[in-house]
Amino acid sequence: MVTPLIGGAAVAAAAYAGRYGITAWQAWKARPPTARLRKFYEGGFQPTMTRREAALILGVRESVPITKVREAHRRVMVANHPDAGGSHYLASKINEAKETLLGRTKGSGSAF
């Protein structure tokens, strides 16, 4: 008498677990897609650097205090410095972005 009772409980437990698994799977599939990686700017450089492009390069807003511009420049430059294996072209663009946001540029300051 005990064996059919245990068997029935096992079948019921399996049915409830299957039902829960199916609803969990459907809820997981219906969730909105989220970006798992940081989105980067997918474009080339402009002929003359704008404040918008400079802000995108340094990863700051266009209207940011001077101290934040310097901190962002240092952070990006450390990661892309030519002495540490970075590109001379990118380093010049990073420097040009800093100069643009600080308001010290007189045209295209890039050496390239």
**Q.** Enumeration of residues in region 82-105 that are closer than 15 Å to Gln46 by Cβ and loosely packed, with under 15 Cβ neighbours inside 10 Å
**A.** Tyr89
**Q.** Tally of residues being outside any helix (DSSP H, G or I) and of a type in the set (Val, Ile, Thr) across region 1-30
**A.** 0
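Values quoted throughout were computed directly from the atomic coordinates according to the rules given, and no laboratory measurement underlies them. Values in this document were obtained by computation on a predicted structure and should not be read as measured data. All Cβ positions, even for glycine, are placed from backbone atoms using ideal geometry, and neighbour counts span all protein chains on display.
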